[in-house]
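Worksheet: one structure, shown below.
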Amino acid sequence: MNNSVTNTARLLWAALRALLVLTVVTGIVYPLAITGVAQGLFSDKANGSEIKADGKVVGSSLIGQQYNLPLKKGQETPDPDLKWFQGRPQNGLGSNSVNTQYKLILSGATNRAGDNTDLIQWVKDAKAAVVKDNSTTEFQVKASEVPAEAVTSSGSGLDPDISPEYADLQVHRIAERNDLPVAQVEKLVEDHTEGRTLGFIGEPRVNVLELNIALKALVAKG
């Protein structure tokens, strides 16, 4: 009986010591080590890839934002604020204001098949809106020039980037709405176009939030 109690006590003590050691190693030492390495080598990414403007964090380079006008009485969907570059539709085919306080609740795409009649109609309507919104007195957008990401959301619905082609499509409208020379806005897009990762992964892209922050600074100078 005594031997049985003694053995049980030894096993419990060994288990407790193992629990304490593993708790310290996996619950304290390991997290601190990983956090230290992340902060030391990848501080920007470890802290959420934050983007700052005027000394304040206004968003993340990894998450898209919406640029809409305030909702009008009776509206369910806000109109896009056309003085800013617009990103991809978010949360399905939602509309895309300077919302420097990032505000999105849900993440998700349309989850509809390519031949779904609702999706087809949404894309047609979105394409017509892109053509109308970006056509100016001196520049007419053609439906064939509208890139796919201008009318469809990404898998997460939170894509922060657009293609240089979609950014270029918006240049004349941005120039007209902000009373800027077209060439100056084109240069802005060019300066904020990132190439393929490592030269061969992915596609060239433009981060919409970073572009709009630069646009805001450019307008302020004017």
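Out of all the residues in the range 130-139, is one or more of a type in the set (D, E, K, R) and under 19 Å from the mean Cα position of the chain (by Cα)? Lay out the reasoning, then the answer.
Our first condition is that a residue be of a type in the set (D, E, K, R); within the range 130-139, this holds for 132-133, 138.
Next cut, under 19 Å from the mean Cα position of the chain (by Cα) only: none.
No, there is no match, as no residue in the range 130-139 is of a type in the set (D, E, K, R) and under 19 Å from the mean Cα position of the chain (by Cα).
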### Message
Here are the criteria: (1) over 17 Å from the mean Cα position of the chain (by Cα); (2) part of a helix (DSSP H, G or I). Tell me which single one G199 does not satisfy.
### Response
(2)
### Query
Would the range 76-97 turn up any residue that is assigned by TED's automatic domain parsing to the domain that holds A214, at pLDDT 85 or above and surrounded by fewer than 16 Cβ atoms within 10 Å (Cβ to Cβ)?
yes
### Message
Pairs needed: first member in the range 175-192, in the same structural domain as W84 (by TED's automatic domain parsing); second member anywhere, among the small types (G, A, S) and surrounded by 15 or more Cβ atoms within 10 Å (Cβ to Cβ); C-beta distance under 6 Å; at least 6 residues apart or different chains.
### Response
V182/A175; V185/A175; L188/A214; V189/A167
### Message
Regarding the range 158-176, can at least one residue be identified that is within 20 Å of Y67 (Cβ to Cβ), modelled with pLDDT under 90 and under 22 Å from the mean Cα position of the chain (by Cα)?
### Response
yes
#### Entry: Inter-residue pairs, beta-carbon under 9 Å, first of a type in the set (S, T, Y) and in the range 121-135, second outside any helix (DSSP H, G or I), 6+ apart
S135/V141
### Query
Given the conditions (1) outside any helix (DSSP H, G or I); (2) in contact with a helix residue (DSSP H, G or I) (Cβ under 7 Å, 6 or more places away or on another chain), and given that Q140 satisfies all but one, which numbered condition is not satisfied?
(2)
### Query
Looking at the range 1-89, what helices (runs of 4 or more DSSP H) fall wholly within it and have at least 1 residues that are within 33 Å of the chain's Cα centre (by Cα)?
30-41, 43-46
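Does V208 satisfy the condition of being within 20 Å of V141 (Cβ to Cβ), in the same structural domain as I63 (by TED's automatic domain parsing), touching an Asp or Glu at 6+ places or on another chain (Cβ under 8 Å) and not charged (D, E, K, R)? Quick ask: steps written out before the conclusion?
On the way: within 20 Å of V141 (Cβ to Cβ): yes; in the same structural domain as I63 (by TED's automatic domain parsing): yes; touching an Asp or Glu at 6+ places or on another chain (Cβ under 8 Å): yes; not charged (D, E, K, R): yes.
Taking the combined requirement at face value, the residue satisfies it.
The values are calculated or read from the model by the stated rules, or taken from the named source; none is laboratory data. What you see is a predicted model; the values in this text were computed from it and never measured. Note that each Cβ is placed from the backbone with ideal geometry, even for glycine, and that neighbours are counted across all protein chains shown.
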